[in-house]
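What follows is a short report on a single structure.
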Amino acid sequence: MEATKILPVLKKKLAFLSGGKDRRSGLILTIPLCTEQTSMEELSATLDYLLGIPSEKCKARGFTVIVDGRKSQWNIVKTVVLMLQNVIPAEVSLVCVVKPDEFWDKKVTHFCFWKEKDRLGFEVILVSANKLTRYIEPCQLTDEFGGSLVYDHLDWLNKRLVFEKFTKESTSLLDELTGINENEKGSQAEKDRSSESNILPSFDPETVLQTGHELLSELQQRRFNGSEGGGGGTAWSPMDDELLAQPQVMKLLDSLREQYTKYQEVCRQRSKRSQLEEIQTKVMQVVNWLEGPGTEQLRTQWGIGDSIRASQALQQKHEEIESQHSEWFAVYVELNQQIAALLSAGDEEDLMELKGLQQQLSDVCYRQASQLEFRQNVLQSAHEFHMTAQDMSQQLDGLLGMLCADVAPADGAAIQQTLKHLEEKLKSVEGALQSLREKGQVLLDQMSTQTSFSYGKDVSIENKENIDHIHSVMEDMQLRKQRCEDMVEVRRLKMLQMVQLFKCEEDASQAVEWLGELLDALLKTHIRLGDDSQETKVLLEKHKKFVDVAQSTYDYGRQLLQATVVLCQSLRCTTRSSGDTLPRLNRVWKQFTVTSDERQHRLEMASAFHTAAEKILRESPELAEQMVDVEAYEEVETVGKGLLDRLTVPVIFPDGSEQFFGSPGDMASSAEIIRERMKLKLICKCCCLAPQSIRES
């Protein structure tokens, strides 16, 4: 019987076990009767409950029943005593009826309990409260009988409820845990069925254990206080070792701990098994996705595009694929950590399975990651290849634009600068082509690598279209570059001819300037006619050399101008401004020719004059007595006058302009020398023609 079922009856305190004992160590059962009518049914239920608490060993020592009838009527006391005969006849050793003072004296004779001892099965005595200590020690009596034993019925009832609750819950929990643990020892099929069912017990084992420990601690504390005499402390309850409370609690706790430990191991094994199954499920999800949709995504993405924009679109698509793979790779990392944790704390029987799962997951993930990386590298190489091709195409377009433009350089320096610029452009194009070949070869090498697009099966991608496109781009760039090189070579030759043209024009102009300088020097510095015939001959020789230099300069200028004509015809330059150089050269040369001829004629006349004059002077002293050659004197005079007249005549150029040799002072000086010579000749002539007497005088 549980206290909760008759809790309202128990709260009435119709009977109780105070925990006190008689001199035979039997338990004392107290029935406090009150003035109100006592329900025999409730009292019987209370007694049945109380008598179910002690152990059989305690019951064998018998009970001492104290019937407190001081506040009750005799007939009720008698009914209670007779009821004890029916309820606990074998367990009762003594019944002490506490009577009121001088109230039942006349009635006692009508009913003698001692005469009915054989029929009742126990001894009944009537005793007053102050004489109850003759049969029971005061320390075993509660205060209402003059004893010192402390008893709190409500406290006992609450503790009893706790005890019964713990006993019920622990017993039920123990059965459940035992059943769960026994099922775990069965076959694998039973384990699978039990794992599918709910293995959670009806009560929380931790809570039940905590309640049991608190109850045991309370029982041990109350026992300790009771052994000290129990005065004024915690109420002494009958739930000690005599009432099976403490041993029962300890036994239940031990059994419960044992089964709970096994249950925890079962839960751990099931949790591990469940975790292993969950990991296996997730591993297969990752593997199936990577080998299925993930591989299919990569299978359909094999192109490299035909331009930068197309390769960028492919890279963007690949980034979306990588984003989807990243979610599954994150699951892989989490699963790998869980598997590593299980491996570090797993049983021997699970190690192989865990390692197999880990290896399978790692193989698939690394395989897929390497495919993604390979695809990313191919797209990156393709993007670089297209960028290099576009850059080279732009360079070729720029170079072609320069080559197609009209060339109109101002001078040779501009031509040299243009040639240098063309060479730099061509060198840059060559570098771009080399870079394109290198990047194309890298891309071709990657294309030739076989990649796996299905787990455990190697499949080579069909890259013929991509490879053909790469070769086509490189060949096209090579042809365009070759055409530009040819055009650059033509432009280089043309510009070199233009350099030669400018050089010829410049040198021809320089020849005209040189010839003009020679003419200017001839007119301004070649003035002297010599003081004698010898000096005049030297001047004649120098004049011839001077004329030869001018002739060479003129011929050089003519050759340069002829070369200019040829270059202009080759370059088809009809707008060159060098056409006035030839007329200037011819004009200066004609002026120089006229001037040099005049100079030549004057020097020859001076040479003849000086030769004739010197002959007369040399012969005059010795021929004084001879006949004088008058014609020789006349010849010198004629030549001298002619020379003087010649000095006063300017040089008349073909265009009608005139120019004198030197300054007027220079002409006067030359004329004075000639006149002095003519005067000297005249004196000689007069001397030769005078009489002898006059010549002697």
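What follows draws every value from the coordinates through simple rules; no lab data is involved. As the structure is a prediction and not an experimental result, all values here were calculated from the model. Here the Cβ is made from the backbone with ideal geometry for all residues, glycine too, and neighbour counts use every protein chain on show.
What ranking do 535-546, 166-177 get when scored by the average of other Cβ atoms within 10 Å per residue, highest first? Before the final figure, lay out the partial values.
Details: 535-546: 15.1, 166-177: 18.9.
Those peptides, ordered most packed to least, come out 166-177, 535-546.
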Discussion item. Suppose the chain between Asn75 and Thr638 were pulled fully straight at 0.36 nm per residue; how much longer would it get relative to their current alpha carbon spacing?
Written reply: 181.3 nm
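Multiply the residue gap between Gln478 and Glu506 by 0.36 nm, knock off their C-alpha separation, and tell me the result in nm, one decimal place. Kindly include the intermediate steps, with their values, before the conclusion.
Working: separation 28, 0.36 × 28 = 10.08 nm, distance 4.08 nm.
That pair, Gln478 and Glu506, stretches by 6.0 nm at full extension.
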Worksheet item: So for the pair Arg646, Ser570, with labels modelled 7 Å out along Cα→Cβ, what separation do we get in nm?
Response: 4.8
Worksheet item: Do any GluC sites (Glu not before Pro) in the range 1-95 lie in a loop, going by DSSP, with at most 11 other beta-carbon atoms within 10 Å of their beta carbon, and if so which?
Response: Glu36
Worksheet item: Which of the lysines could be linked to Lys544 by a straight reach, that is with a Cα gap under 19 Å, when you skip same-chain ones fewer than 8 residues away?
Response: Lys524, Lys590
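Once you order the gyration tensor axes a ≥ b ≥ c over the Cα atoms, which shape class does the range 248-394 get: rounded for a/c under 1.5, otherwise prolate or oblate by comparing a/b with b/c?
It is prolate, given that a/c is not under 1.5 and a/b is the larger ratio.
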Worksheet, complete the sentence: Rounded to 0.05, the calculated FRET efficiency for the beta carbons of Asp531 and Lys590 at R₀ = 35 Å is 0.65
Discussion item. Along the charge dipole of the range 235-391, pointing to its positive end and built from +1/-1 on Cβ of Lys, Arg, Asp and Glu, which listed residue (Gln297, Ser274, Gln246) has its Cα farthest out?
Written reply: Gln297
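Would you mind calculating the gained length between Ala414 and Met250 on full extension (0.36 nm times residue separation, minus the Cα-Cα distance), in nm to one decimal? Can you show the working numbers first?
Values: separation 164, 0.36 × 164 = 59.04 nm, distance 11.46 nm.
Here the answer is 47.6 nm.
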Discussion item. Under 5 Å between amide hydrogens, which residues at least 5 positions from Val65 or on another chain qualify, with H placed 1.01 Å from N in the peptide plane?
Written reply: Leu29, Ser93, Leu94, Val95, Cys96
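Can you give the FRET efficiency to the nearest 0.05 for Lys13 and Ser128, using r as the Cβ-Cβ distance and R₀ = 25 Å?
Numbers: r = 22 Å, r/R0 = 0.88.
After rounding, the FRET efficiency stands at 0.70.
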Worksheet entry | Rough spin-label spacing in nm, given labels placed 7 Å along Cα→Cβ, for Leu617 and Cys139 | 18.8
Fill in: FRET efficiency estimate (nearest 0.05) - Cβ-Cβ, Gln264 to Ser428, R0 56 angstrom
0.10
Worksheet entry | Under 26 Å from the Cα of Lys71 - lysines, other chains or at least 8 residues apart | Lys11, Lys12, Lys13, Lys21, Lys99, Lys106, Lys107, Lys115, Lys117, Lys131
